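Okay, so here's the structure we're looking at.
The numbers here are math on the coordinates, done by the rules we state, and not lab data. Given the structure is predicted, the values throughout are model-derived calculations rather than measurements. Here the Cβ positions follow ideal geometry from the backbone for every residue, glycine too, while neighbour counts run over all protein chains shown.
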Amino acid sequence: MKEDSHTGCSACHAQFLCGRRGEEMEQSCSLPVSLSHKAVRLSYVYPILLFLAVLCGVSAAGLAEGWAALCAFAVLGLYYMVLRLMRAKWEKIFTNKSL
């Protein structure tokens, strides 16, 4: 029987994401500082920088502000889609090094 190795806990504020909200968890949700910084960069810093770069670039190219915003949101959506497609890679990195 294959064991599921989630690193979440019942006190985690994002427990609803993993679908194990009703189960008792005995592991803690702790990451090394370097991995937590990497997670913050991937989730918040890079997307906002990408969004601002596309917004300013498209606006400077002469398109209307509305189109610039639409392009920036589209690129942001693509960024998160790529992160989602690379989910298996990120799970290996964050679960193997956090134990």
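The rows are residues; the columns are (1) exposed (fewer than 11 other Cβ atoms within 10 Å of the Cβ); (2) touching a residue at least 12 places away in the same chain (Cβ under 8 Å); (3) part of a helix (DSSP H, G or I).
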{"position": "Ala39", "(1), (2), (3)": "no, yes, yes"}
{"position": "Pro47", "(1), (2), (3)": "no, yes, yes"}
{"position": "Phe51", "(1), (2), (3)": "no, yes, yes"}
{"position": "Val58", "(1), (2), (3)": "no, yes, yes"}
{"position": "Gly62", "(1), (2), (3)": "yes, no, no"}
{"position": "Leu70", "(1), (2), (3)": "no, no, yes"}
Legend entry - Residue among Ala88, Ala69, Ala74, Ala61 that is closer than 29 Å to Val33 by Cα and not acidic (Asp, Glu): Ala88
